[in-house]
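Take a look at the structure below.
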Amino acid sequence: MDSSLLQWPEPIVSVQSIAETGTTIIPDRYVKPASERPVPVHTPDPSFSGNPSIPVIDLGKLAEGAAECRAAMRAISDACRNWGFFQVVNHGVEPELVRAVLATWRGFFHLPAEEKQKLANSPTTYEGYGSRLGVEKGASLDWGDYFFLHLFPFSIKNYDKWPKLPYSCRDVTDEYGRQLMRVCSTLMKVLSLSLGLEVGFLQEKFGGEEIGGCMRVNYYPKCPQPELTLGLSAHSDPGGLTVLLADERVPGLQVRKGDFWVNVHPLPGAFIVNIGDQIQVLSNAAYKSVEHRVVTNAADERLSIAFFYNPKSDLPLEPARELVTPERPQLYRAMTFEEYRMFVRKKGLRGKTQVQSLEAV
Ligand code: OGA
Ligand code: NI
């Protein structure tokens with residue numbers, strides 16, 4: 001292990017503790033360079049008619065007749081090509097469970113600071129309660145705290161790192177993880193087929209029974225100067241698929257569309273799905289991961305739960321041979337997810353520079 005990953009380069013100060021002082025000025029470390037600030041919050045692309053937004057897909061259609069199923073698959077494929085992002089409704093995850101997982105994690109972030117600190121994380125595994133991502137000394141920081149944990153494969157799940165409070169947290173999170181793995185499995189099959197691959201292709205490449213599932217619960221406190229900072233800097237997700245549960249009452253997520261940032265308004269009960277870098281690599285860029293970021297606001301705190309469906313960490317992944325042709329040569333070299341993830345762990349979030357670093361020369 002690289003020794004720089006054993007501990008954080010500076011003491012961690014939770015954003016929540018800064019927000020709770022009632023300060024009206026955010027510390028310099030959180031002030032972004034002018035080019036990254038979220039102003040204007042939304043600039044419509046003149047080529048769009050109406051208000052652009054990510055597509056909404058009814059997953060229930062996959063279980064209907066052949067025509068409905070084909071149409072839903074086509075809609076997913078189009079969304080992957082055009083946006084890298086879509087919302088899913090009718091996904092089969094129970095609404096009570098969705099409410100419960102949001103409530104239990106809200107409860108966690110409202111525990112006293114000492115209680116949360118018991119689970120403070122380190123950059124070796126990221127598991128636990130934390131605030132920053134990269135280990136670069138002096139790096140610019142984002143206006144958010146998080147809790148990160150591994151759910152799958154079972155062999156790496158470690159309850160010692162999970163919150164003991166609220167009491168419901170463990171059971172609810174476990175059940176949520178199981179149901180989310182099912183949603184991801186369905187999506188992976190659709191993606192495989194829509195790329196012209198065998199139905200189980202992507203999951204097999206991801207390691208079958210050993211596929212990873214982890215979760216980051218993001219907590220964005222109210223921010224007195226939202227125009228100067230970001231809750232999460234622009235990034236693409238390093239793994240396979242991300243399924244995000246976000247509070248529909250407090251917007252914040254923005255997705256890149258060309259040169260613009262488009263606000264995402266989650267429908268009640270919907271999940272927001274996006275393609276990660278590993279699908280971009282396996283599909284030889286037929287499907288591309290898309291940059292997104294989070295803006296903060298002064299009126300409300302915001303909680304989101306990102307579930308990441310990732311390849312087993314030690315399998316080298318490279319573009320599917322079926323998708324490499326003389327017209328479209330192999331765009332990326334092989335790399336394991338373990339190695340890939342080190343980039344974020346060292347440097348923090350850097351837009352799409354990471355997947356670009358894999359481009360075959
Ligand atoms: C993430 C992420 C978005 C959000 O956790 O990778 O992009 O709305 N979260 O919190
Ligand atoms: Ni993300």
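At-a-glance table
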{"read-out": "Extension gain from Thr125 to Glu175, taking 0.36 nm per residue of separation minus the Cα-Cα distance", "value": "15.7 nm"}
{"read-out": "Phi to ³J(HN,Hα) by Karplus 6.51 cos²θ - 1.76 cosθ + 1.60 over the range 176-190, Hz, x for Gly, Pro", "value": "4, x, 4, 5, 5, 4, 5, 4, 5, 4, 4, 5, 5, 5, 4"}
{"read-out": "Spatially near lysine pairs across the range 77-169, Cα under 15 Å, sequence gap of 8 or more or different chains", "value": "4"}
{"read-out": "Gain in span if fully extended, Arg249 to Gln225, counting 0.36 nm per residue against the direct Cα distance", "value": "6.6 nm"}
{"read-out": "Trypsin sites (Lys or Arg not before Pro) within the range 178-278: DSSP coil, no more than 13 neighbouring Cβ in 10 Å", "value": "Arg249"}
{"read-out": "The range 243-259 versus the range 78-103: alpha-carbon centroid distance in Å", "value": "12 Å"}
{"read-out": "Label point distance in nm, Arg70-Val56, each placed 7 Å from Cα along Cα→Cβ", "value": "2.6 nm"}
{"read-out": "Pairs beyond 18 Å (Cα-Cα), from Lys205/Lys346; Lys288/Lys346; Lys288/Lys352", "value": "Lys205/Lys346; Lys288/Lys346"}
{"read-out": "Phi to ³J(HN,Hα) by Karplus 6.51 cos²θ - 1.76 cosθ + 1.60 over the range 273-279, Hz, x for Gly, Pro", "value": "10, 9, 7, x, 4, 5, 6"}
{"read-out": "Whole-percent pair-distance distribution, where bins are 20 Å wide, for the alpha carbons of the chain", "value": "30, 62, 9, 0"}
{"read-out": "Relative contact order (%) - criterion: Cα under 8 Å, at least six apart; region: the chain", "value": "22 percent"}
{"read-out": "Kirkwood hydrodynamic radius of the range 124-281, Cα pairs, Å", "value": "17.7 Å"}
{"read-out": "Approximate shape of the range 209-361 as ellipsoid semi-axes (Cα gyration tensor, √5λ), whole Å, largest first", "value": "30, 16, 15"}
{"read-out": "Radius ratio Rg over Rh of the range 147-192, counting only Cα atoms, Kirkwood formula for Rh", "value": "1.06"}
{"read-out": "Cys169, Cys223, Cys80 arranged by Cβ crowding within 10 Å, fewest neighbours leading", "value": "Cys169, Cys223, Cys80"}
{"read-out": "By average C-beta atoms within 10 angstrom, highest first, the peptides 306-317, 233-244, 9-20", "value": "233-244, 306-317, 9-20"}
{"read-out": "Base-10 log of normalised Debye intensity for the range 275-361 (one unit scatterer per alpha-carbon) at q = 0.22, 0.26 Å⁻¹", "value": "-1.15, -1.46"}
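Every read-out reported here was derived from the displayed coordinates using simple, explicitly stated rules and does not represent laboratory data. These numbers come from a predicted model, not from an experiment. Neighbour counts run over all protein chains shown; Cβ positions are idealised from the backbone, glycine included.
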